[in-house]
């Protein structure tokens, strides 16, 4: 389990990365924290000609307050969020989720941008950032574009990256004062990838009530308007009005055929909603 | 001097280097000119080898079966009647019989380069139907792993003791129970560095091994070398658990290359190789019936047990140890009059099954103890009451059971009583009545087993495998400054023998353990031994060290008596001094005199000096019987299927404990592995025989947050036949947890009428069991409705 030979570059800015990506010929792989790519290289599942290490790029570690949102660079680590080096604008949602990712050693190096781009369906960020309505910004030869996190993931291990493009930042909206969130993931052991994820956000000030069911075979199931599941969203204890049967239909419609898988995913969502009251 | 003898909970001597990261493992070895090796392994479970194409420019760096002139395959025969012999080729030819089987070996300047070379080798394989299911493999007409056998059964055994007398029992409970294939997963995998020592004309293998002498014997036989031409060095070893007792084809390849090439070669097993190609264990299947009276008194046990032995019989334990052991140990610690057991060791297209901590005991305990709980539910009494009715009683000891196992001593009911009191059965039953605020279901379960350890010649001669333990030898040798060297052929890799064997010597000689050094892990410097396996080292090596130390004590007294001008009959050895009627002399002085001032000694001095190599066997070598009762409380999440361990109690009897803290450590480690078996670890295969877990992302091991801190209580019933009354306990911790946890889970699920009968008890299996019980219950209600 040793990687094939590859060339290695550690550019100082995004422009230099884009220049390397623009070169014809060699297969290029970007590496941020390397927590997924490292093992994949060792197992030779990935055999790049050139590995571009983007961990030294200052821009990708910047955090900017945009007033109604916070923007952080792609190389912000899970630990940066867990330890609140990135200011929290989510009533503790992101730090809490960060704290439950894998193990601390992984969180010290693993990055949000890397996780989203690796696009593992059972990872945490794709589900939780979808729940809070985050967006990602991609930069490429024809400039920048910004899309919703859930649209960035096309499928298992497949991100919407066009030729020559890279993810540079994520934008997380500041939640309203009365926002409530909940997150639940089912793992067999501490640090394991999830088998079912439920995420919930109600932010009445911004007119948001959405749920996400993650750790599916592919993209998380995002229900942007959760009224079908939660009535008008004003119940004091939402889990009591939560419509499990409707949730089961949504999951089934998304292609999850196995009844026990549907059960665990619906329960994960219900528990996420329950937790919105204890958070 | 603080008490450092037998019974002292001394801190471990070896921890100083381990805790500072100064352990020396095979992979730490750097030799000039050393090259790395990677293997071309079979990607298919069963195939004919039509061709192996090596690019011309790589031809001198790649070796295939045809290059291994004079190298014999690995053959591990059992003497049991009807055993069919397999030949495990060092490099496959004609056919491959498992994924990961070696086809070619490549030599590079680094492991990465060796892997690059391996990637250039093209295989032309004609796929054959693969056997991944031992029950299917047993059936007539199945594809054949070894064509000339005519079937796929290494060995079938049958034992019957008056079975039919039990058939009129009012309670008859039959269950189909199985345990998953597992991997031992020590922190350090296998690894070997080999070179040819030109000066000594000797092949030197540095390899992490539990049994260096057995590896030397097996290797010399495969290579056609004299045994004096082979030296095995086993340095620090990061966990063995059975896997590092095995002679691997990889070792033989490395040895061959070392003899052929002019430089050292190295292979460090990676985790994918470990999981998919080498280290498999545990896969059992039982159809087991318990017969009992209404009060839970057992009338008999009847069982058909099948073990997936994999493609080859591995050296030295053979392919049948596991299944044949099932037949002999299934009755557990119980006394009942009727017994029948048929076993099959089945060959499939998987890697050979290897003995893992507890060997067959873990599966046997799981099968039997689950059935006992099912009998309790059928009889409507508490499970521990059923056990108390059937356990061998202390007044029966020593007791020869229905399979003629000789239980040496102990009070099994007392262990169970203590465990049930500690876990608070009544309190848990009351809590179950109340229900949990979070909706989880509480279950309480327990299990009890006995563990035969240090079984010797009389037992293993019967198996007839390549390795039969005889007298265990040790050398004790005083140094000129009054210290002591102990040399043993067993290997310490977690057993803490660098601490405990000096404690044994200290008990007899009174020498400070700081001045007692254990030499082990090198065939050049230690007496022949079958090594570390079968919970034998404390009993066998401990006994040997005690015996050798006593010899040295006698010799020292002789010299001491001379120096004291006393008669040897009038001197004693006390706290490291020879004490006579009119004075005393230290062992330092005795040693100094023997080695450095021989002019002070009389002509009649015993020429053996201050050194003894001597063998030891217990008074009876049928094995010590340690035992333990485990009791556990779990919470089961009926919606997600998750299981959490809330409390865990172990009441254990290891006879005299040389170092109680070390015993606790053994129990904790065993428990962690038992929890792995119970809840996490599973090596699955698909229908084409492909192993489905190749990393620890797929093969789950319990971590620190999954292993509770158990409450451990010790009984100390001395073994009647061993030095100090010591019993072997090395494997016990890993035996009982799947059974105890399984019974607790089934207790929690009782309200659904659900039962889990397969380990690991994954969330998925919990939910399936609940689902199946609900479906069955709905169906039976419909039926009752029809009749109403």
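On the principal axes of its alpha-carbon atoms, segment B:548-600 has extents of 25, 25, 16 Å, going from largest to smallest.
Using the Cβ-Cβ distance between residue B:403 and residue A:59 with R0 set to 60 Å, the FRET efficiency from 1/(1 + (r/R0)^6) comes to roughly 0.25.
Compute the FRET efficiency between residue B:565 and residue B:661 as 1/(1 + (r/R0)^6), taking r as their Cβ-Cβ distance and R0 = 30 Å, and round to the nearest 0.05. For R0 = 30 Å, the calculated efficiency reads 0.10. Residue exposure proxy: B:340, B:404, A:85, ordered by other Cβ atoms within 10 angstrom of their Cβ from fewest to most, comes out as B:404, A:85, B:340. Against the main long axis of the alpha-carbon atoms of chain A, helix A:244-253 sits at an angle near 40°.
Dividing the Cα radius of gyration of segment B:1-123 by 2.2 N^0.38 Å, with N the residue count, gives 1.61. Peptide packing for B:194-204, A:122-132 was compared via the average number of neighbouring C-beta atoms within 10 Å per residue; ordered from the highest value, the list is A:122-132, B:194-204.
Sorting B:62, B:307, B:663 from the fewest to the most surrounding beta carbons within 10 angstrom yields B:62, B:663, B:307. Can you compute log10 of I(q)/I(0) for the protein assembly as shown with the Debye formula, treating each Cα as one identical point scatterer, at q = 0.04, 0.07, 0.10 Å⁻¹? Per q value, in the given order, log10 I(q)/I(0) is -0.24, -0.73, -1.33. Divided by 2.2 N^0.38 Å, where N counts the residues, the Cα radius of gyration of segment B:654-770 comes to 1.32.
Counting only Cα atoms, chain B measures 106, 75, 50 Å along its principal axes, largest extent leading. Computed per residue of chain B from DSSP H runs no shorter than four, each worth -39500 (n - 2.57), the mean residue ellipticity at 222 nm is -8500 deg cm²/dmol. Packing, as the average of other Cβ atoms within 10 Å across residues, places the peptides A:193-206, B:580-593 in the order A:193-206, B:580-593, highest first. Fully extending the segment from residue B:139 to residue B:457, taken as 0.36 nm per residue of separation minus the present Cα-Cα distance, adds 110.9 nm.
Which shape class applies to segment A:131-275: rounded if a/c is under 1.5, otherwise prolate when a/b exceeds b/c and oblate if not, where a ≥ b ≥ c are the square roots of the Cα gyration tensor eigenvalues? Before the final figure, lay out each step's value.
Details: a/c = 2.07, a/b = 1.36, b/c = 1.52.
Here segment A:131-275 falls in the oblate category.
Taking 0.36 nm per intervening residue step and subtracting the Cα-Cα distance, what contour gain separates residue B:668 from residue B:686 on full extension?
Details: separation 18, 0.36 × 18 = 6.48 nm, distance 3.36 nm.
In short, 3.1 nm is gained.
The fraction of Cα-Cα pairs per 5 angstrom bin, counted from 0 for segment B:221-352, comes to 2, 8, 14, 15, 14, 13, 10, 8, 6, 5, 3, 2, 1, 0, 0 percent, rounded to whole percents.
What's the extension gain from residue B:25 to residue B:417 if we count 0.36 nm per residue and subtract their Cα-Cα distance?
Working: separation 392, 0.36 × 392 = 141.12 nm, distance 4.40 nm.
Net length gain for the segment: 136.7 nm.
Placing dummy labels 7 Å off each Cα toward the beta-carbon, the span from residue B:750 to residue B:613 is 6.0 nm. Summarised in one figure, the compactness ratio Rg/Rh of segment B:296-406, Cα atoms and Kirkwood Rh, is 1.03. Site pair residue A:108 and residue B:711 shows an inter-label distance of 3.7 nm when each label is modelled 7 Å from Cα along Cα→Cβ.
Going by the alpha-carbon gyration tensor, a ≥ b ≥ c the square roots of its eigenvalues, is segment B:496-610 rounded (a/c under 1.5) or, if a/c is not under 1.5, prolate (a/b greater than b/c) versus oblate? It is prolate, given that a/c is not under 1.5 and a/b is the larger ratio. Using a ≥ b ≥ c from the Cα gyration tensor of segment A:7-52 (square roots of the eigenvalues), is it rounded, prolate or oblate, where a/c under 1.5 gives rounded and otherwise the larger of a/b and b/c decides, a/b for prolate? Oblate is the answer for segment A:7-52, as a/c is 1.5 or above yet b/c matches or exceeds a/b.
For peptide B:635-646, compute the average count of partner chain beta-carbon atoms within 10 Å of each residue's beta-carbon.
Working: counts 0, 0, 3, 1, 8, 9, 7, 5, 1, 0, 0, 0.
The shielding value for this peptide is 3.
Ranked for footprinting exposure by Cβ neighbours inside 10 Å, fewest first, B:234, A:169 give A:169, B:234.
Tell me the mean residue ellipticity at 222 nm calculated for chain A from its helices only (DSSP H runs of n ≥ 4, each -39500 (n - 2.57), averaged over every residue, nearest 500).
Details: 12 runs with 87 residues, N = 279.
Mean residue ellipticity, 222 nm, calculated: -8000 deg cm²/dmol.
Between the C-alpha center of segment B:401-415 and that of segment B:1-69 there is a gap of 41 Å.
Across peptide A:186-192, how many C-beta atoms of other chains are within 10 Å of each residue C-beta, on average? Show your work: numbers first, answer last.
Details: counts 6, 3, 12, 8, 5, 2, 5.
Taking the mean over all residues of the peptide, I get 6.
The orientation-averaged projected area of the convex hull spanned by the Cα atoms of segment B:106-242 comes to 15.8 nm². With contacts taken as Cα pairs under 8 Å and at least 6 residues apart, segment A:7-52 reaches a relative contact order of 55 percent. For segment A:79-142, the percent of C-alpha pairs falling in each 10 Å distance bin, counted from 0 to the bin holding the largest distance, reads 20, 56, 21, 4.
Equivalent-ellipsoid semi-axes for chain A (Cα gyration tensor, √(5λ), whole Å, largest first): 33, 21, 16. For segment B:382-525, the fraction of alpha-carbon pairs lying more than 18 Å apart is 73 percent, rounded to a whole number.
Simple spin-label estimate for residue A:40 and residue A:235 gives 4.1 nm between the two label positions (7 Å along the Cα-to-Cβ direction from each Cα).
Between the C-alpha center of segment B:172-238 and that of segment A:170-233 there is a gap of 52 Å. Where does helix A:259-275 land angle-wise versus the long Cα axis of chain A, in degrees 0 to 90, nearest 10? Here the helix axis deviates by roughly 80 degrees.
Under the Kirkwood approximation for Rh and a Cα-based Rg, what ratio Rg/Rh is obtained for segment A:60-173? Provide the component values of the computation, followed by the final result.
Working: Rg = 13.0 Å, Rh = 13.9 Å.
That ratio is 0.93, to two decimals.
Just so you know, all these numbers are worked out from the coordinates, no wet-lab data involved. Not measured: the values here are computed from a predicted model. So basically every Cβ, Gly included, is an ideal-geometry build from the backbone, and we count neighbours across all protein chains shown.
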